[in-house]
Amino acid sequence: NNNNNNKSSSTKSNSTRNKAATKLLSVVGGNSTKTSTAALRKRQDFFQRLFEIGRRNKVLNPSKMRDTYGKLMHMLQDSQSPSVAKSLGFSLFSDLKMVHRYVEEELNMPELLEDERLVGATTHVAATECGKPKARDVVKQELEQKRALHEQLLEDYAITEQQKDDLCRVLDSISDAIAVMEQNVAPVVRAYQLLTKHFSAGTMPKEKYSLELRGSCLNSTTAKYNTLSYGGSFSSFYSNSRDKGGSTLSHSNTTQFTFVQQSLQLWIRVQRHMFQLWTCADHDLLSTKCGYQLLNTGQGLHRVQHCPTVAQLMQHLLKETQRRSNSPWVGLSVIHLGDRDVPNALVFIDKYTQVPRILHPICKTVDGLDELCETNDGIAKYIDEEFGSVDNLRIGILKDYFKHGFDGSGDDGGSCIDGRLTSSWNWTSRVAKKTYYNIFMLCGFQGFDGDFK
């Protein structure tokens, strides 16, 4: 009887998904909701191209489509199931269209990808360096060099006007991708620089620089989570009930410094490979070999799905970080993927897009303190009276984050790969209660989940 009930439930679920997919495609295609699957089948190329453009647009614009993208991927996941695919008679999936394949297959210019000038023609010209603005003349010179190389490539490889337009689009696409990557990497690199500058062994003679942690809770691999929903307010993503108990890690100053340093090194590497991770996540989510199971993960019902491609790349990035580290690895090397903590690649990729959003406001505030005091005597006086000096305030903010943003309030005691990020988010949820919160506001802070101007 149980088997018959399960079969009946599964058949009903498949029928519902088939009808929903057909109705949705009819609406998207601008047809009547009663359009037949045969009519939809004739527009297979249109639907594949439409959804591929949406997925590719999200990669370059992770802050956009935050609710819509999750729904899109869930719909495409269902369309990949054998029953829905059979009912539709065609697949909605097509591989993401990347520059490398486009240049080789459509432009027939494989030699362009090996041209050394391509790096200079698509490089990102940053307006700041180490938290301070670059000289205007330097920025102008770098931009002129970039434009010159751009024109050289167009002249050497494009013969017709159409080729010139296509090649120009390729170069602009690469430039945009590099610019997005560098903007996401920059706050992580800056946080690493600040950690090394103010808290390394040779620069911390005073007690106020100590990052020592004394755990007040027992380490545990069991944690209770609030409801998790992709793309929503991400307090629900990382809030952890153990947070109320304080630090779960007991680290000496040196150990905590190494723990934070290694975490930031890994995050830098992850941000530099974010486009590869997006591609891997897209492949795993829409794989016909690894379907999902709808399970209660302790965070509500979620689509739990193996992520072999993402896991392989993350393991490689972790091993590379461990190999290049000057100290033994501190903490666990567990990467949660396809389990109750990180149910699928969709949740994983969204978690790591939060890293720049967490670190950028911190670095922006710390780096902007001197200018804030120079332009407003009243604020300068307030900082001196309340915190002693600008340097004391800067060290206080950084010390608080490097200690309690990595204090073990994530899963597995907070020392696993996923738990480090969870601990950092737990810290951001408490920032409004900090004594220096007014300074964040004076520096233009608007939240870790929105714009920071």
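Numbers below:
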read-out	value
Test: residue in segment 188-199 that is among the basic types (Lys, Arg) and modelled with pLDDT of 95 or more	yes
Residue 366 touching a Lys or Arg at 6+ places or on another chain (Cβ under 9 Å), assigned to a helix (DSSP H, G or I) and not charged (D, E, K, R)	yes
Residue match in segment 19-34 (condition: open to solvent by 70 Å² or more (accessible area, probe 1.4 Å), modelled with pLDDT of 85 or more and in contact with a Lys or Arg (Cβ under 7 Å, 6 or more places away or on another chain))	no
Cβ-Cβ under 9 Å pairs, at least 6 apart or on other chains, segment 113-136 side without any contact (Cβ under 8 Å) to a residue 24 or more places away in the chain, far side assigned to a strand (DSSP E or B) and of a type outside the set (Asp, Glu)	127/133; 134/128
The listed residue being touching a Pro at 6+ places or on another chain (Cβ under 6 Å), surrounded by fewer than 16 Cβ atoms within 10 Å (Cβ to Cβ) and either at pLDDT below 95 or outside any loop (DSSP other than H, G, I, E, B) (or both), out of 155, 144, 151, 104	104
Selected residue [out of contact with any Lys or Arg (no Cβ under 7 Å at 6 or more places or on another chain), open to solvent by less than 50 Å² (accessible area, probe 1.4 Å) and under 30 Å from residue 330 (Cβ atoms)] from 421, 393	393
Hits in segment 339-361 - residues which are in a loop (DSSP other than H, G, I, E, B) and buried (at least 21 other Cβ atoms within 10 Å of the Cβ)	341, 342, 343, 344
Residue in segment 249-285 that is modelled with the highest pLDDT, counting only those that are surrounded by fewer than 21 Cβ atoms within 10 Å (Cβ to Cβ) and outside any helix (DSSP H, G or I)	273
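Residues are listed down the side, and each one gets a yes or a no for (1) of a type in the set (A, V, I, L, M, F, W, C); (2) within 23 Å of residue 174 (Cβ to Cβ); (3) exposed (fewer than 13 other Cβ atoms within 10 Å of the Cβ):
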| position | (1), (2), (3) |
| --- | --- |
| 42 | no, no, yes |
| 62 | no, yes, no |
| 68 | no, no, yes |
| 83 | no, no, no |
| 88 | yes, no, no |
| 97 | no, yes, no |
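The values are calculated or read from the model by the stated rules, or taken from the named source; none is laboratory data. Computed from a predicted model, the values in this text were never measured in an experiment. Cβ: placed from backbone, ideal geometry, glycine included. Neighbour counts: every protein chain shown. SASA here: full protein model, heavy atoms, side chains in, ligands and nucleic acids out. Shrake-Rupley method; radii C 1.70, N 1.55, O 1.52, S 1.80 Å.
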